[in-house]
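Data block below; observations after.
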Amino acid sequence: MTPQAFLLGILVSTLIGALFHVWRGGKLSRLHLYLGLSWLGFWSGHLVAGELGWRFAAVGPLNLGMAVLFAMVFLGIGYWLSLVKVERK
């Protein structure tokens, strides 16, 4: 992986997490959660696509299509799991 591809991946995944935060809102802690989930999902998707040999919307050595798809899935699941309310007695 070239440094340029790595930088593009960081920028794209950060943009996905930031846009999700703008859409769903929340405090600064939610922004950190969304950015972390987006980065984790993005690079997981890139690695899974590379291991399986899938080339969906690839940009150079970066499997951008699967990476974006995984980032959105991770964000959706993470958001859903973060909606749990803890009742204190």
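The values are calculated or read from the model by the stated rules, or taken from the named source; none is laboratory data. Just so it is clear, the model here is predicted, and its values are computed rather than measured. Positions of Cβ are generated from backbone atoms using ideal geometry, with glycine treated the same way; all protein chains shown enter the neighbour counts. Only protein heavy atoms, including side chains, enter the accessible area calculation; ligands, DNA and RNA are left aside. Shrake-Rupley method; radii C 1.70, N 1.55, O 1.52, S 1.80 Å.
Kindly indicate the residue of the range 34-89 that is under 11 Å from GLY9 (Cα atoms) and among the aromatic types (Phe, Trp, Tyr) and also most open to solvent (accessible area, probe 1.4 Å) among those meeting that condition.
Residue satisfying both the conditions and the ranking: TRP39.
Among the residues in the range 9-24, are any part of a helix (DSSP H, G or I), modelled with pLDDT under 95 and touching a strand residue (DSSP E or B) at 6+ places or on another chain (Cβ under 6 Å)?
For the range 9-24, residues part of a helix (DSSP H, G or I), modelled with pLDDT under 95 and touching a strand residue (DSSP E or B) at 6+ places or on another chain (Cβ under 6 Å): present.
Collect the residues in the range 10-41 that are aromatic (Phe, Trp, Tyr) and farther than 12 Å from ALA67 by Cβ, keeping them in residue-number order.
Of everything in the range 10-41, those that are aromatic (Phe, Trp, Tyr) and farther than 12 Å from ALA67 by Cβ turn out to be PHE20, TRP23, TYR34.
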